[in-house]
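Below is one structure, written out as structure tokens; the observations come after it.
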Amino acid sequence: MRKKTLIITYYWPPAGGPGVQRWLKFVKYLPEFNIEPIVYVPEQANYPIIDTSFLNEVPKDVKIIKQPISEPYKWARLFSVKKSSTLSKGLISESNNQNLLEKLLLWVRGNLFIPDARIDWVKPSVKFLTEYITNERIGTIITTGPPHSMHLIGMQIKERLGVKWIADFRDPWTSIGYHHQLRLTKKSQLQHKKLEHQVLNSADQIIVTSFTTKEEFNKLTNKPIEVITNGYDKELTEKTIMDSKFSLSHIGSLLSKRNPEILWKVLSDLCLEINDFASNLQLNFVGFISEEVLLSINSYNLSDYVNNVGYVSHNKALKFQKNTQLLLLIEINSKETKCIIPGKLFEYMITNRPIVAIGPKGSDVETIIKETNSGNYFNYDDYNSLKARILNHYNAFKKGDLQSHPIGLQKYSRKYLTESLSKLI
């Protein structure tokens, strides 16, 4: 008999973006390990990104429970459709470029909705799920955040029913980069810290996606913490036709602070120094890209090589990953981002396309890339080594011999990772 496990998540198809994929894949494989997942999600949620292709991946026999949710971003649209949309996607402008309206919306988001804009879903969810869990005799619940309001649902149900509760943190809470951009008052900062401490010390088991986050949380709680990263699925191993251009593709959002000027300078210099480099160069941006980054690219005279694709479905994004010559992974140059391991990294690794990653020193991404031999990692001051590596890749491209030779990827397969999860359940 399969063990019933309730998964409480905000992001679920037709939501798009990386937040939905982790638990969609876990739900896909959990039944193979004698666990019956039951998924609790909001009804008519105001998702910032929609990707209907994910609906095809939802197992037909999985039980999905929905309850209505009230979304404040809908009200924010009365003031500005554009600003409310970009904020809900996490696209926050640099402080000196924010107008009064954006500053106001950030203050409201940070100080009136703690821990996040889905806080009003906590009370009705706890009321509904308390009865449901009792009737269905569910012994284990899992909450996944952000949004961290999901963890408050888990904490209150734990207090009422004493069920086993696993808290999954796809990202950190108070130490994540954008947390400091929310114009928090001291009182609000303390409230976030208090809630974070309560969650970390109430859950029976904590799951994180990076080793740095585990180290950080170990200082805040004595509860057991397990690292279960994101991963890749088997359909990514299919072959495809390569781009004819020397294409460098970035999949996902490029926020204003995620702007690798060192890369733009390297490419600009190579266009001037190498005869045919410019005629072969192509930059693909598949996802949202901030105006600040586009302006920076333009300042290095690279605009003519840009293919600004915008957001596409996950399936189309996978094709870009497999068609491109090089894959770009860019992270903000900050100590707060050392713990961030983008889900796309694991999809990148399985394509056999070399990864060029740029980020802070001591990043978990650097460790994984070196361990798997899937590409090269550079800091924001590694101009000479980055330039040499790009040129090396370009020469290999011209010879038709540009590829990566990764090793040890099996432990990052979604099925393997789900087995680790099943043991915790």
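The values are calculated or read from the model by the stated rules, or taken from the named source; none is laboratory data. Here the structure is a predicted model, which is why all the values come from computation and not from measurement. Cβ sites come from the backbone with ideal geometry, for glycine too, and all protein chains shown count toward neighbours.
When residue 304 is tested against (1) more than 20 Å from residue 270 (Cα to Cα); (2) over 15 Å from the mean Cα position of the chain (by Cα); (3) not β-branched (Val, Ile, Thr), just one condition goes unmet, and that condition is (1). Of the residues in the stretch 337-347, not one is of a type outside the set (A, V, I, L, M, F, W, C), more than 30 Å from residue 174 (Cα to Cα), buried (at least 22 other Cβ atoms within 10 Å of the Cβ) and not assigned by TED's automatic domain parsing to the domain that holds residue 56. The sole residue among 108, 163, 122 that is out of contact with any strand residue (DSSP E or B) (no Cβ under 7 Å at 6 or more places or on another chain), modelled with pLDDT of 95 or more and surrounded by fewer than 21 Cβ atoms within 10 Å (Cβ to Cβ) is 122.
Residues that are in contact (Cβ under 8 Å) with a residue 60 or more places away in the chain and under 22 Å from the mean Cα position of the chain (by Cα) number at least 2 in the following helices (runs of 4 or more DSSP H) confined to the stretch 337-425: 344-349, 364-372, 414-424. Name every residue in the stretch 264-292 that is of a type in the set (A, V, I, L, M), at pLDDT 95 or above and touching a strand residue (DSSP E or B) at 6+ places or on another chain (Cβ under 6 Å), in order of residue number. Of everything in the stretch 264-292, those that are of a type in the set (A, V, I, L, M), at pLDDT 95 or above and touching a strand residue (DSSP E or B) at 6+ places or on another chain (Cβ under 6 Å) turn out to be 281, 283, 286. With respect to residue 36, is the statement that it is outside any helix (DSSP H, G or I), of a type in the set (Asp, Glu) and in contact (Cβ under 8 Å) with a residue 12 or more places away in the chain true? Yes. Residue count for the stretch 62-74, restricted to those that are in a loop (DSSP other than H, G, I, E, B) and either farther than 19 Å from residue 132 by Cα or touching a residue at least 60 places away in the same chain (Cβ under 8 Å) (or both): 2.
Take residue 225 and tell me if it is surrounded by fewer than 22 Cβ atoms within 10 Å (Cβ to Cβ), over 30 Å from residue 316 (Cα atoms) and either in the same structural domain as residue 357 (by TED's automatic domain parsing) or not basic (Lys, Arg) (or both). Criteria met by residue 225. Given the condition within 24 Å of the chain's Cα centre (by Cα), surrounded by fewer than 22 Cβ atoms within 10 Å (Cβ to Cβ), assigned to a strand (DSSP E or B) and at pLDDT below 95, answer yes or no: does some residue in the stretch 46-55 qualify? Yes, that holds for at least one residue. Taking the stated definitions as given, is residue 137 touching a Lys or Arg at 6+ places or on another chain (Cβ under 9 Å), on the phi > 0 side of the Ramachandran plot and buried (at least 17 other Cβ atoms within 10 Å of the Cβ)? No.
Could you tell me whether any residue of the stretch 166-176 is more than 27 Å from residue 362 (Cα to Cα) and in contact with a helix residue (DSSP H, G or I) (Cβ under 7 Å, 6 or more places away or on another chain)?
There is at least one residue in the stretch 166-176 that is more than 27 Å from residue 362 (Cα to Cα) and in contact with a helix residue (DSSP H, G or I) (Cβ under 7 Å, 6 or more places away or on another chain).
Here are some residues: 286, 227, 266, 293. Which one is out of contact with any helix residue (DSSP H, G or I) (no Cβ under 8 Å at 6 or more places or on another chain) and either more than 22 Å from residue 18 (Cα to Cα) or among the β-branched types (Val, Ile, Thr) (or both)? Answer to the selection: 293. Candidates 223, 194, 257, 214: the one that is touching a residue at least 60 places away in the same chain (Cβ under 8 Å) and among the basic types (Lys, Arg) is 257.
Just wondering, is there one or more residues in the stretch 204-212 that are in contact with a Leu (Cβ under 6 Å, 6 or more places away or on another chain) and not assigned by TED's automatic domain parsing to the domain that holds residue 168? No, there is no match, as no residue in the stretch 204-212 is in contact with a Leu (Cβ under 6 Å, 6 or more places away or on another chain) and not assigned by TED's automatic domain parsing to the domain that holds residue 168.
Residue check: residue 234 meets all listed conditions (1) in contact (Cβ under 8 Å) with a residue 60 or more places away in the chain; (2) more than 30 Å from residue 56 (Cα to Cα); (3) not hydrophobic (A, V, I, L, M, F, W, C) but one, namely (2).
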